[in-house]
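Peer 1: A single structure is presented below for examination.
The values are calculated or read from the model by the stated rules, or taken from the named source; none is laboratory data. Just so we're clear, the structure is a prediction, and the values are computed from it rather than from any experiment. Heads up, the Cβs are rebuilt from the backbone with ideal geometry, glycines too, and the neighbour counts pull from every protein chain shown. To get the accessible areas, we keep the full protein, side chains included, count just its heavy atoms, and leave off ligands, DNA and RNA. Shrake-Rupley method; radii C 1.70, N 1.55, O 1.52, S 1.80 Å.
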Amino acid sequence: TSFKHYSLFPAKSRSYAGFSPLSLAMSISHGAFGLITLPINLKGTSGKPIGGAIQLTQKNVTDIWKGAITTWNHPDILKTNSKIQKLIPATPITLVYRADGSGTSNVFLRYLNAWDPSAGWRIQTNFNTAFPGGAAPTNSISGPQNAGVMAAVAGKEGAIGYVDLGDALKQKAS
């Protein structure tokens, strides 16, 4: 299966609204695998949540997860977000990944590898040792299952994670 057929699209739907302080920035789709969304907890320079307004390219996403982009005001992110770049703070990025093995992790790792195969991602269900170099970076934390990732992102300013969209929407409703 070719994982270059992922779609990455911004969260414009009203169903994404109301995540506070955390916003669902975008979703990754691959047919039968469903949607994986990237929740972001980021307050802008105005003090209001802007995670849902952040637009990330595939390169931005892979660069964030491999550690090449470590702050939200990185020039590549500002370039992609020219309309709101003055609102984007110099907040450090914290990666939040699943502590347990999961299909969600496997699909997200396949996405990262499809867009940056030279990074050295290990395609597996456990994200703990899947990072380039085999160890999680110092700017990362883990949470059990999708609910734990959502809670960790919500509890850490500057955090970005990956979760199944259905679980993210359930979390919002509870």
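Peer 1: Only one of 126, 146 is open to solvent by less than 50 Å² (accessible area, probe 1.4 Å) and not hydroxyl-bearing (Ser, Thr, Tyr). Can you tell me which?
Peer 2: Working: 126 fails: open to solvent by less than 50 Å² (accessible area, probe 1.4 Å).
Unique residue meeting the criteria: 146.
Peer 1: Does region 132-156 hold any residues that are over 11 Å from residue 95 (Cα atoms) and part of a loop (DSSP other than H, G, I, E, B), and which are they?
Peer 2: Within region 132-156, 132, 133, 134, 135, 144, 155 qualify.
Peer 1: Let me ask another. Yes or no: residue 34 modelled with pLDDT under 85 and not aromatic (Phe, Trp, Tyr)?
Peer 2: Working: modelled with pLDDT under 85: yes; not aromatic (Phe, Trp, Tyr): yes.
Yes.
Peer 1: Separate question: Which of the residues that make up region 129-150 are touching a residue at least 60 places away in the same chain (Cβ under 8 Å) and touching a helix residue (DSSP H, G or I) at 6+ places or on another chain (Cβ under 7 Å)?
Peer 2: 132, 150
Peer 1: Within region 47-66, track down each residue that is open to solvent by 40 Å² or more (accessible area, probe 1.4 Å) and not β-branched (Val, Ile, Thr).
Peer 2: Step one: of region 47-66, the residues open to solvent by 40 Å² or more (accessible area, probe 1.4 Å) are 47-49, 53, 55, 57-59, 66.
The answer is 47, 48, 49, 53, 55, 58, 59, 66.
Peer 1: Could you say whether any residue in region 111-123 is within 21 Å of residue 167 (Cα to Cα), modelled with pLDDT of 90 or more and within 13 Å of the chain's Cα centre (by Cα)?
Peer 2: Looking for residues that are within 21 Å of residue 167 (Cα to Cα), modelled with pLDDT of 90 or more and within 13 Å of the chain's Cα centre (by Cα), one finds none in region 111-123, hence no.
Peer 1: Out of the residues in region 51-65 that are in a loop (DSSP other than H, G, I, E, B) and touching a Ser or Thr at 6+ places or on another chain (Cβ under 6 Å), state the one that is nearest to residue 83 (Cα to Cα).
Peer 2: To start, the set of residues in region 51-65 that are in a loop (DSSP other than H, G, I, E, B) comprises 54-57.
Narrowing further to those that are touching a Ser or Thr at 6+ places or on another chain (Cβ under 6 Å): 55, 57.
Values: 55: 10, 57: 15 Å.
Per the criteria, the residue is 55.
Peer 1: Among the residues that make up region 84-95, is at least one of them surrounded by 14 or more Cβ atoms within 10 Å (Cβ to Cβ) and either assigned to a helix (DSSP H, G or I) or without any contact (Cβ under 8 Å) to a residue 12 or more places away in the chain (or both)?
Peer 2: Looking through region 84-95, at least one residue is surrounded by 14 or more Cβ atoms within 10 Å (Cβ to Cβ) and either assigned to a helix (DSSP H, G or I) or without any contact (Cβ under 8 Å) to a residue 12 or more places away in the chain (or both).
Peer 1: Before we move on, is residue 159 within 13 Å of the chain's Cα centre (by Cα), open to solvent by less than 10 Å² (accessible area, probe 1.4 Å) and under 18 Å from residue 61 (Cβ atoms)? Working first, answer last.
Peer 2: Numbers: within 13 Å of the chain's Cα centre (by Cα): yes; open to solvent by less than 10 Å² (accessible area, probe 1.4 Å): yes; under 18 Å from residue 61 (Cβ atoms): yes.
Taking the combined requirement at face value, the residue satisfies it.
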